[in-house]
Every structure is written in C-alpha cells, then in structure tokens.
C-alpha cells in the first residue's frame with residue numbers, strides 16, 4: 001500500500017510540473033532544460049511521486065497525473081458553502097434588484113461571490 005505524502009511545492013517543483021504538463025519526460029532532460037543537476041531533479045521527482053502528483057510510467061519516464069496547482073484555483077466544494085446564508089444573500093439581491101437599489105444589489109452580489117469563492121471576479 002502506497003502512502004500519499006503531503007508536499008509543499010518549491011520553485012523547482014513548479015518548473016518540473018510545468019514541463020511535465022506538456023508531456024512525459026525523463027529526469028536528465030528535465031535537468032538539462034531547467035539547469036539543475038540530474039540528481040536534484042530525480043530527488044524532486046521522488047517527492048512529487050510520493051505526493052501522487054507524478055508517476056514513473058517505466059524506464060525512468062515521468063508523467064503528470066495530478067497537478068496540485070489546479071486545486072488552488074478550484075471553487076469550494078458544495079459542502080463548504082453555507083446554503084442558508086447563500087439563500088439569504090440571493091433573497092437580498094432579489095429585493096435590491098426589485099427596489100432598484102444598486103448599492104444594496106452590489107453588496108449582496110459581492111457577498112454571494114465571497115461565499116462561492118469567486119472574490120473579485122467580473123463576469
């Protein structure tokens with residue numbers, strides 16, 4: 001049974017993940033392209049593999065299987081959203097819209113965006 005190890009990414013990890021996002025690659029190629037030693041890249045790949053971000057598919061060839069950076073930008077799980085509060089915010093937005101109160105409407109929409117993890121997004 002493999003144990004998934006939590007791993008905080010450093011700059012080298014980010015650069016390795018960037019290259020692997022373009023396709024499978026060998027440690028020596030990554031090292032040459034990133035100007036790191038092959039041993040250092042191999043060590044970073046082992047850490048990334050232990051965290052289940054990359055996989056050795058054979059012959060030393062690595063591929064990206066789960067980019068952890070994608071998780072940073074994801075919206076919160078539905079379970080993380082307080083639905084009752086969101087319902088209240090939507091009701092407030094509807095009332096503000098009906099009253100043509102733009103300030104109240106803007107405030108309600110901002111609160112709804114915060115609840116949904118979409119702070120500062122326009123659209």
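Coordinate-derived values only; no laboratory data. Quantities reported herein were computed from a predicted structural model and do not represent experimental measurements.
Annotations
- Put simply, the range 11-72 fits an ellipsoid with semi-axes of 16, 13, 10 Å; these come from the alpha carbon gyration tensor as the roots of five times its eigenvalues, largest first.
- Multiplying the residue separation of residue 46 and residue 84 by 0.36 nm and subtracting their alpha-carbon distance yields 9.2 nm.
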